[in-house]
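Please read the structure below before turning to the comments.
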Amino acid sequence: MGTRSLQQLSRSGHRMGRVLAVCGMPASGKGEFAAILRNRGVPILSMGDMIREEVRRRQLQESPEIFGEIASQLRHEFGEEVLASRLTESILHLQPHHALILIEGMRGTAELEVFRTHLKSDLIVVGIHAHKETRFSRVLKRKRSEDGNRSQFEIRENREIGWGLETLIQNADKILENESTIEEFTNEVLAWLNAL
């Protein structure tokens, strides 16, 4: 879909739902945040899933290195905003039909610019913060194919910082701390959503 068509969707006159874009360093709790919203019937659009699908589409062996390589390759080939640009059409189609939509895993300032351009005041950026050691202990427990060891964790962290992730978290509309139990985090998220 071209830019003109996206702009037409943006201005279609329908009452549009709000769009939350959640960002956070690796293992900060983006997936838990998404699960809470999914349980409330909120549609989830995962930017990480876009990379996982690309890895599967290319029939590549899943590993921490390959996920990072494909993410970087796509950004290098098509621009830092490539994932956001590809996702925008889906968001705009969902907006008239849902009070709330979640973009899971925004990682770069270029992505934010795309979303702000099309969603304007409908967009709310949520940053999730957890200390590095807390996050690495979660990585060891969850054993995802993109996580790997301490060295690979640091490489991924630095790569995402390079895309502007720290800036996104620091400037988020809402920052949620996720240092304690999943129950406490869930309660904090639900309290904020209800106030929203």
(request) Give the residue, chosen from L168, L193, that is assigned to a helix (DSSP H, G or I), closer than 22 Å to L37 by Cα and touching a Cys at 6+ places or on another chain (Cβ under 6 Å). (result) L168
(request) Sort out which residues of the stretch 32-80 are of a type in the set (K, R) and open to solvent by 30 Å² or more (accessible area, probe 1.4 Å), and write them in order of number. (result) R38, R40, R52, R56, R57, R58
(message) Given the criteria without any contact (Cβ under 8 Å) to a residue 60 or more places away in the chain and in contact with a Ser or Thr (Cβ under 7 Å, 6 or more places away or on another chain), does L92 qualify?
(response) no
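So that you can scan it fast, the table gives a plain yes or no per residue for (1) β-branched (V, I, T); (2) closer than 21 Å to R38 by Cα; (3) buried (at least 18 other Cβ atoms within 10 Å of the Cβ); (4) touching a Pro at 6+ places or on another chain (Cβ under 6 Å):
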site: S90; (1), (2), (3), (4): no, yes, no, no
site: L94; (1), (2), (3), (4): no, yes, no, yes
site: L123; (1), (2), (3), (4): no, yes, yes, no
site: H129; (1), (2), (3), (4): no, yes, yes, no
site: L140; (1), (2), (3), (4): no, no, no, no
(request) Kindly indicate which of E183, E157, E146 is of a type outside the set (A, V, I, L, M) and open to solvent by 30 Å² or more (accessible area, probe 1.4 Å). (result) E183
(message) Cβ-Cβ under 9 Å, sequence separation 6+ or interchain: first residue in the stretch 136-158 and modelled with pLDDT of 90 or more, partner of a type in the set (V, I, T). Which pairs?
(response) R150/V139; F153/V139
(request) Check L60 against each of (1) aliphatic (A, V, I, L, M); (2) within 15 Å of the chain's Cα centre (by Cα); (3) not in a helix (DSSP H, G or I) and name the one condition it does not meet. (result) (2)
(message) Regarding the stretch 25-33, can at least one residue be identified that is at pLDDT 95 or above and more than 14 Å from the chain's Cα centre (by Cα)?
(response) no
(request) Determine which single condition V189 fails, assuming it passes every other condition in (1) open to solvent by 10 Å² or more (accessible area, probe 1.4 Å); (2) more than 26 Å from S72 (Cα to Cα); (3) not basic (K, R). (result) (1)
(request) Return yes or no: is S180 at pLDDT below 95, assigned to a loop (DSSP other than H, G, I, E, B) and in contact with a helix residue (DSSP H, G or I) (Cβ under 8 Å, 6 or more places away or on another chain)? (result) no
(request) Report the residue count in the stretch 103-121 for those that are open to solvent by 20 Å² or more (accessible area, probe 1.4 Å) and either at pLDDT below 95 or not acidic (D, E) (or both). (result) 10
(message) Quick check on the stretch 18-31. Is at least one of its residues in contact with a strand residue (DSSP E or B) (Cβ under 7 Å, 6 or more places away or on another chain), open to solvent by less than 70 Å² (accessible area, probe 1.4 Å) and hydroxyl-bearing (S, T, Y)?
(response) yes
(request) Working only within the stretch 29-57, note down all residues that are of a type in the set (A, V, I, L, M) and in a helix (DSSP H, G or I). (result) A34, A35, I36, L37, M47, M50, I51, V55
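The values are calculated or read from the model by the stated rules, or taken from the named source; none is laboratory data. None of these values were measured; they are calculated from a predicted model. Glycine also receives a Cβ, built like all others from the backbone with ideal geometry; neighbour counts cover every protein chain displayed. All accessible areas refer to the heavy atoms of the entire protein, side chains included, with ligands and DNA or RNA removed. Shrake-Rupley method; radii C 1.70, N 1.55, O 1.52, S 1.80 Å.
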